[in-house]
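Chemist: Take this structure, written in structure tokens, and hold onto it; I'll ask about it next.
The values are calculated or read from the model by the stated rules, or taken from the named source; none is laboratory data. For clarity, every value in this text was computed on a predicted model and none was experimentally measured. Here the Cβ positions follow ideal geometry from the backbone for every residue, glycine too, while neighbour counts run over all protein chains shown. Note: areas computed on protein heavy atoms with side chains; ligands, DNA, RNA excluded. Shrake-Rupley method; radii C 1.70, N 1.55, O 1.52, S 1.80 Å.
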Amino acid sequence: KSLIKRKPDLVFSGIKYFDFQNQEIWLSDYLKKHNINFITSNKEALDNEYDKNHAKLTIKEANINTANFFTTQPDEHETEASLPVTFPLFLKPISGENSKGITPESVVFDFRKYQAKVLDIYNTDKSRTLVENYLSGKEYSVSILENKSKNILMILPVEIIAAKNKNGHRILDYDAKQNDLEEVVEVVDKKIRKELCNIALNSFIALGGKTIGRIDIKTSYNGILHFIEANLMPGLGNGYFSRSFMLNENMDYEQMILRIADAGMVLPEEVEI
């Protein structure tokens, strides 16, 4: 209520919602109701990306490539023959950020290890498991900044090269992210850049993204690009989002923040009634 009373020109926030006396208030929707500008997507879009299963279903309906998948929990698929997707598989919690729940054991080649990882995610992360075909190729992250009022769209891909883990796989597991064990480099191949930008933008639109977002993409063994997941509230610290601005546009942190602020500002005559 104090924020609404101050009526700022723009709100920067990495908070999705508040719990006030068992009342859930989604900040972006609350600000929109009171005609206050904000930089992130609305509740519907944030819900779309938070549930990774729902995100992939939405992407699939939009005819965008994503690895075959299903969800499960312990004892739900009791035999290898009952699995809807064939090995090798990649397993992670159905929700969560920063690779939480992803470990070297997330890549599985047999049913016993599949069962062990599903049980681990259930016990440790209190979550169902998203199971998908393992994509063994290159990994990319594409940042998006959309300024509708000025008709400006920035799509900034980078390649993420993870260090090999103890099992010899290059995956962005939780420890790798926490300890910055990956390298982030510019995408120089023009054809790949174009394909990455197309998938990222189409995914952003399909999920209902607003102003800023980040789309993660990976290739299969034969080089075909697939949507992995989205982050419509990307961190603005020294992560993939800010690094994509530096690598693609040679834009420092302050310039990036000012660009985001400019994109978030909507003049009163531009507000949809």
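Chemist: Can you confirm whether segment 120-142 contains a residue that is farther than 30 Å from ASN250 by Cα and in contact with an Asp or Glu (Cβ under 8 Å, 6 or more places away or on another chain)?
Modeler: Within segment 120-142, one or more residues are farther than 30 Å from ASN250 by Cα and in contact with an Asp or Glu (Cβ under 8 Å, 6 or more places away or on another chain).
Chemist: Here is a check on your reading of the model: is ILE121 among the β-branched types (Val, Ile, Thr), in contact with a Gly (Cβ under 9 Å, 6 or more places away or on another chain) and within 30 Å of GLY239 (Cβ to Cβ)? If you could, list the steps in order and put the result at the bottom.
Modeler: On the way: among the β-branched types (Val, Ile, Thr): yes; in contact with a Gly (Cβ under 9 Å, 6 or more places away or on another chain): yes; within 30 Å of GLY239 (Cβ to Cβ): yes.
Here the answer is yes, as ILE121 does meet what is asked.
Chemist: Let me ask you something else. In segment 208-226, is there at least one residue being open to solvent by less than 30 Å² (accessible area, probe 1.4 Å), touching a helix residue (DSSP H, G or I) at 6+ places or on another chain (Cβ under 7 Å), within 18 Å of LEU172 (Cβ to Cβ) and in a helix (DSSP H, G or I)?
Modeler: Scanning segment 208-226, I find no residue that is open to solvent by less than 30 Å² (accessible area, probe 1.4 Å), touching a helix residue (DSSP H, G or I) at 6+ places or on another chain (Cβ under 7 Å), within 18 Å of LEU172 (Cβ to Cβ) and in a helix (DSSP H, G or I), so the answer is no.
Chemist: Going through segment 1-56 one residue at a time, which ones are open to solvent by 20 Å² or more (accessible area, probe 1.4 Å), outside any loop (DSSP other than H, G, I, E, B), among the charged types (D, E, K, R) and over 21 Å from GLY235 (Cα atoms)?
Modeler: Within segment 1-56, LYS5, ARG6, ASP19, GLU24, LYS32, LYS33 meet the criteria.
Chemist: Still on this structure, I have one more. Just one of LYS138, LYS164, LYS150 is more than 18 Å from the chain's Cα centre (by Cα) and within 24 Å of TYR221 (Cα to Cα); which is it? Working first, answer last.
Modeler: On the way: LYS138 fails: more than 18 Å from the chain's Cα centre (by Cα); LYS150 fails: within 24 Å of TYR221 (Cα to Cα).
Checking each option against the conditions leaves just LYS164.
Chemist: Among the residues of segment 12-50, what is the count of those that are over 12 Å from GLY208 (Cβ atoms), out of contact with any helix residue (DSSP H, G or I) (no Cβ under 6 Å at 6 or more places or on another chain) and among the hydrophobic types (A, V, I, L, M, F, W, C)?
Modeler: 7
Chemist: Sort out which residues of segment 72-121 are farther than 18 Å from LYS166 by Cα and hydroxyl-bearing (Ser, Thr, Tyr), and write them in order of number.
Modeler: THR72, THR79, SER82, THR86, SER95
Chemist: Looking only at residues in segment 227-254 that are of a type outside the set (A, V, I, L, M, F, W, C) and assigned to a loop (DSSP other than H, G, I, E, B), which one is nearest to the chain's Cα centre (by Cα)?
Modeler: Selected residue: PRO234.
Chemist: Step by step: first the residues of segment 124-158, then only those that are charged (D, E, K, R) and closer than 23 Å to TYR50 by Cα, then the one that is least open to solvent (accessible area, probe 1.4 Å). Which residue is that? Break it down into steps so the answer makes sense when it comes.
Modeler: Taking segment 124-158 and keeping what is charged (D, E, K, R), we get 125-126, 128, 132, 138-139, 146, 148, 150.
Those left that are additionally closer than 23 Å to TYR50 by Cα: 125-126, 128, 132, 139, 146.
On the way: ASP125: 34, LYS126: 160, ARG128: 74, GLU132: 11, GLU139: 28, GLU146: 46 Å².
If we take residues in segment 124-158 being charged (D, E, K, R) and closer than 23 Å to TYR50 by Cα, then GLU132 is least open to solvent (accessible area, probe 1.4 Å).
Chemist: Right, another one. Identify all residues within segment 81-96 that are closer than 21 Å to HIS169 by Cβ and either open to solvent by 70 Å² or more (accessible area, probe 1.4 Å) or part of a helix (DSSP H, G or I) (or both); write none if there are none.
Modeler: THR86
Chemist: Let me ask something additional. Within the set of pairs 6 or more residues apart or between chains, which connect a residue that is over 16 Å from PHE90 (Cβ atoms) and modelled with pLDDT of 90 or more inside segment 150-178 to a residue that is in a helix (DSSP H, G or I) and among the aromatic types (Phe, Trp, Tyr) with Cβ atoms less than 7 Å apart?
Modeler: LEU156/PHE245; VAL158/TYR240
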